[in-house]
Each structure stands twice: as C-alpha cells, then as structure tokens.
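Note sheet for the following structure.
Every read-out reported here was derived from the displayed coordinates using simple, explicitly stated rules and does not represent laboratory data. The shown structure was predicted, so the numbers you read here are calculated from the model rather than taken from an experiment. All Cβ positions, even for glycine, are placed from backbone atoms using ideal geometry, and neighbour counts span all protein chains on display.
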Amino acid sequence: MSWIFRVFPEQMGSRRGSCIHKRQVRVSCKFYMFSCKHNFTWFRGVLALVGIFFSGIALTGCNQAVTTTTPTATTTPVAATTPIAATAPTTAPAPVAAADVHTVGWTPQPLNFKVQFPYNLKESDRYTFSGGIYHLWVYRTDLPLRTHNKTKPRTEMRFPDYTSGWQQFSADVYVPSGTSGVCIMQIHTGDKRPPHMHVGATIMMVFVIDGSLHFYSSKNIIATNIYNRWFHLNVMHNTKNNHIDIYVDGQLSYSTIYRGKARDWYMKCGVYTQRGASPEMQAYFHNVHLWSKED
C-alpha cells in the first residue's frame with residue numbers, strides 16, 4: 001500500500017482524498033488477492049508437474065523390477081558314458097599274414113593287460129571288446145585314472161613290465177576322423193627307473209594329430225592319411241641299445257635312439273589326451289600281439 005500513498009500524497013488530507021484512498025485500497029487489495037490466487041494456482045500446477053515427474057520415475061523402476069528375470073541355476077556337466085557320434089569301422093580288418101616278416105624269429109607273449117580309465121566311471125563306460133575288436137574312447141573333460149592324479153584323461157590297455165631283450169607291439173589300428181591331439185601307443189618307463197639317469201616317464205609316444213601319426217607332438221611325421229582306415233602298426237624296442245623302430249603297413253616309418261637308461265618298461269595302447277585334444281577321442285585295435293626275442 002505504500003505506493004498508493006506515494007502516488008496520491010495530496011489527497012490524504014481531504015475527504016475526497018480519503019474516499020479515493022479507500023477506493024484505491026480496495027482496488028489494491030483485490031489486485032493483491034488476484035495476484036495471490038494466480039500465484040497459488042501457478043505454484044499448484046508446478047507441484048502437480050513435479051509429482052507427475054517423480055511418479056513416472058517410480059513407475060519406471062517398478063516396470064524394470066517386474067521385467068527383470070532371475071538367472072537360471074547352472075548345472076554341472078555330467079560325463080557322457082557313450083561315444084559322441086562314434087564312427088564304427090566301415091571295413092573289416094585286413095588279415096595279417098601268419099609269416100609276418102616283422103615277427104619272424106619273435107616269441108609271442110601272453111596278452112595280459114589292465115584297462116586304465118577315468119576313476120569315477122566303470123570300465124564299460126569307456127572300453128568294449130566285441131568281435132575281436134577293442135574299442136577305447138575318452139572325452140577331453142573326463143577325470144584322470146586315479147584320484148589326486150594330475151594327468152590328463154585316458155582309456156588305455158596297460159601291458160606287463162619287461163626288463164631286457166627286444167620287445168614288440170603289433171596291431172591293426174583304426175582311428176575315426178575327428179580324433180586328434182591324442183596318444184594311441186606309448187612305451188613307458190617302469191617303477192624301477194633309477195634316479196638321475198636322465199630318462200623321462202616315456203621313451204616314445206605315437207600321437208594322432210589331424211589325420212597323421214607323429215612322434216610325440218613334434219614335426220616328425222610317422223604316417224599320413226590314417227583316418228577311417230585300418231593300418232598295421234609295429235613298434236620294436238631294443239632295451240640294450242635304446243633303439244626304437246616304428247613300422248606302418250609293413251614299412252619302416254621312423255627310428256630313434258633315446259637317451260638315458262631305465263631298468264624296466266611297459267607298453268600301452270588306447271587313447272590318452274594330449275595338448276590340442278578333440279572333444280572326444282577314440283580308437284579301435286584288432287590283432288593285438290606282444291612279442292619278444294633275446295639279443
């Protein structure tokens with residue numbers, strides 16, 4: 001109201017001025033009430049907009065909470081007990097001549113062996129013998145052959161120890177395509193290995209890598225194109241001079257002399273997981289024989 005007194009100072013002392021003053025006061029009050037009402041309406045509108053904004057945020061959060069899905073619990077893979085897409089031999093094993101030049105003068109030995117397989121399974125889960133054919137398979141995710149053993153999965157036929165002379169392993173072998181990164185035959189040093197004799201756990205291993213036979217995982221290729229066909233394998237070990245010969249289909253394919261000296265050894269065949277292994281590894285063996293001869 002102070003501005004009214006400043007606008008009409010000469011009218012404050014007269015009646016007319018008093019009337020004018022009263023009239024101006026009423027006008028001013030009405031204007032003030034209108035302004036307050038208008039301001040309140042504007043403020044109430046602002047509050048409504050703020051309420052709608054925060055309600056939208058709350059509803060969005062609710063919608064997100066509703067649409068959120070609970071992760072499904074993962075299950076531990078269970079090792080399969082049958083070969084995955086196992087490829088059975090499509091051709092019968094070729095008969096081996098009785099007078100095999102690589103066994104002439106050799107003495108056949110009893111075919112005794114123990115099957116090594118993942119310790120949490122039964123032997124029949126990874127090994128069968130039917131119609132004279134040994135079938136062995138293993139998976140890359142299988143467990144080792146014993147508890148607290150840190151070796152890779154295997155299913156192998158482990159033959160008896162020997163200590164002297166010439167020893168030979170012979171068999172027809174069939175490896176299905178897809179099997180790779182696996183040892184199918186090896187000569188292992190025995191428990192009588194003397195300390196500090198610079199000889200490893202094995203003196204030879206035959207690997208299958210992408211359809212070829214390798215001496216260990218090296219670039220020394222023993223044979224190529226071995227998938228989906230029977231091939232004959234002879235491995236000879238001369239314990240006296242540390243000499244090893246490997247024959248494939250009757251032909252000398254690889255020879256080596258290993259270092260160090262052991263006191264006993266044993267042979268194995270089957271499937272033993274190596275670096276770069278395929279998900280499943282399997283091999284078939286037929287006409288398996290052990291031979292020996294003295295120097």
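Side notes on the structure shown:
- Computed on the stretch 169-292, with alpha-carbon pairs under 8 angstrom and 6+ residues apart, the relative contact order is 40 percent.
- Phi to ³J(HN,Hα) by Karplus 6.51 cos²θ - 1.76 cosθ + 1.60 over the stretch 229-241, Hz, x for Gly, Pro: 8, 7, 10, 9, 10, 10, 10, 10, 10, 9, 6, 6, 10
- Less than 5 angstrom separates the built amide H of Gly276 from none of the residues sequence-distant by 5 or more or on a different chain.
- Label-point separation, Thr202 to Thr163 (7 Å along Cα→Cβ), nm: 2.6
- In order through the stretch 269-278: 3J(HN,Hα) via Karplus (6.51 cos²θ - 1.76 cosθ + 1.60), integer Hz, x for Gly, Pro: 9, x, 9, 10, 4, 10, 4, x, 5, 6
- Taking 30 Å as the limit for the C-alpha separation, the pairs Lys122/Lys240; Lys150/Lys261; Lys122/Lys261; Lys268/Lys293; Lys150/Lys268; Lys261/Lys293 exceed it in the case of Lys122/Lys240; Lys122/Lys261.
- Vicinal HN-Hα couplings computed from phi for the stretch 147-159 (Karplus, 6.51 cos²θ - 1.76 cosθ + 1.60; Hz; Gly/Pro x): 5, 6, 9, 9, 6, 7, x, 7, 9, 9, 9, 9, 8
- In terms of the mean number of neighbouring beta-carbon atoms within 10 Å, the peptides 134-140, 112-118, 230-236 order highest first as 134-140, 230-236, 112-118.
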